Amino acid sequence: MSPLRNFLVASCFMIATAGSAIGGPVMDEIRKDDRLVCLVNTNSPAFSVPDSEGVYRGFNTDFCRMAAAAILGDAGKADIRGIGFSDSMKTIVAKGAHMASRSITNTGTRDANPGMRFVVTTFFDGQGFMVPRSLGVTSAKELSGATVCAEEGSTTLLNIADWFSDRGIQYRVENIADKTARLQAFFSGKCDVLASDRTALNSDRLLADDPEAYVILPEVISNEPLTLLSQPDAELEKALYWSFQVMLNAEALKVSSGNVDNVVADLADQPKSVQRLFGQDSAAGEMASQIGLPAEWSYNIIKQVGNYGEVYDRSLGTEDYGLERAGTANALFSQGGLMYPLPIR
Ligand SMILES: N[C@@H](CCC(=O)N[C@@H](CS)C(=O)NCC(=O)O)C(=O)O
């Protein structure tokens, strides 16, 4: 069965110290149910794909697992659910899930919605265009008169409108909410162009019968900071934000899932910054009691999920997917990127 057919079949402990915790009903619910509901894309190779047992795997799913490891002490307590793009935001606002990790761009107007909060950017992306190789097009500037397929309710549609009108290029848009239908329209030639985040295009290309028959054009026409979304809850937001900082700090300090046991076994001999990251009587421990997390939250994240670089390499840096990190915004700040580990102290 082709990947697209596969997709069609799959369809789209501590309690906070009394008086000192920030307090949050959503966190209370997560602890009470011992389960964290996290929304992802139903099928986006390398980002979220159900395995043979129906368990979602991939880059975006690892941030659901990060949250469950930090809050519940067990990455396996993330209840990861696939859902369509627009429905994911509606579900968060309707309190039907605790968070989403699914390539949603943080924009001002979305974040102004009081029913949801953008917490931390896990991937800096930009919008691009994919066309059949047979079209012989090498630049988006050659797309005059083209029919462009894009996601309903996405930033993609807004960016296309700006970009084409700024250049006086005529185009037609096929605004298709259902991902399966959209990909079918593109792969069957109903649309000349598929527009989306470049990572999404990279993933969608792998769902074609012959990925080599499609090319992603060089233009990157927007900033798409793909960001974790949660229900509004000060405690949950801090837990997610600082869990991500733990992953960045661990990478910068070269602590990974593979060596973290040795590192904590020998903590007193580690650099002070590593002691602060894992020591229960240091910054990490103080944060745990203030936010309301298990004392070993930072260890659990790194042991069970990994540092940011591991998470990136596991899903995106593979030979099959091959998304280069060096030289991009997703590199650590110390290597010229925007991934800037905030001090844990
Ligand atoms: N990042 C942009 C684009 C998001 C987007 O178009 N996502 C699509 C392409 S990956 C999607 O998630 N479709 C799959 C679905 O609806 O399940 C946004 O936040 O508006």
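The values are calculated or read from the model by the stated rules, or taken from the named source; none is laboratory data. This structure is a prediction, so every number in the text was calculated from the model and none was measured. For the accessible areas, the whole protein counts, side chains as well, though only heavy atoms, and no ligand, DNA or RNA atoms are used. Shrake-Rupley method; radii C 1.70, N 1.55, O 1.52, S 1.80 Å.
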Across segment 80-95, in residue order, what do the Karplus-derived ³J(HN,Hα) couplings come to in whole Hz, using 6.51 cos²θ - 1.76 cosθ + 1.60 with θ = phi - 60° and x for Gly and Pro? 8, 10, x, 7, x, 4, 5, 5, 5, 5, 4, 5, 5, 4, 7, 6
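Give the accessible surface of segment 176-282 per residue, rounded to a whole number of Å², with probe radius 1.4 Å and ligands, DNA and RNA excluded.
Per-residue accessible area for segment 176-282 comes out at 39 Å².
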Would you kindly calculate the mean projected area, averaged across all directions, of the convex hull enclosing the Cα atoms of the chain, in square nanometres? 17.6 nm²
5 angstrom amide H check on residue 120, placed H, neighbours 5+ away: 228
Roughly how many percent of the accessible protein surface of the chain is carbon and sulfur, given a 1.4 Å probe and a whole-percent answer? 49 percent
Long-range amide H partners of residue 257, meaning residues 5 or more apart or on another chain whose placed amide H is closer than 5 Å, are 307
Cross-link pairs beyond the 32 Å C-alpha cut-off, checked among 77/190; 90/254; 141/179; 179/303; 77/254; 32/254: 77/190; 90/254; 179/303; 32/254
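Convert 10 °C to kelvin, take the viscosity as 1.306 mPa s, use the Kirkwood radius over C-alpha pairs of segment 127-222 as Rh, and evaluate the Stokes-Einstein diffusion coefficient in µm²/s, rounded to a whole number.
122 µm²/s
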Enumerate the amide H contacts of residue 44 below 5 Å, restricted to partners 5 or more residues apart or on another chain; note that Pro and chain-start residues carry no placed amide H. 49
Heavy atoms only, 1.4 Å probe, whole protein assembly: order 81, 276 by accessible area, highest first. 81, 276
Alpha carbon centroid spacing (whole Å) that separates segment 250-305 from segment 47-126: 24 Å
How large is ³J(HN,Hα), in whole Hz, for each residue of segment 144-157 in order, when computed from phi with the Karplus curve 6.51 cos²θ - 1.76 cosθ + 1.60 and θ = phi - 60°, using x for Gly and Pro? 4, x, 6, 9, 10, 8, 8, 7, 4, x, 8, 5, 3, 4
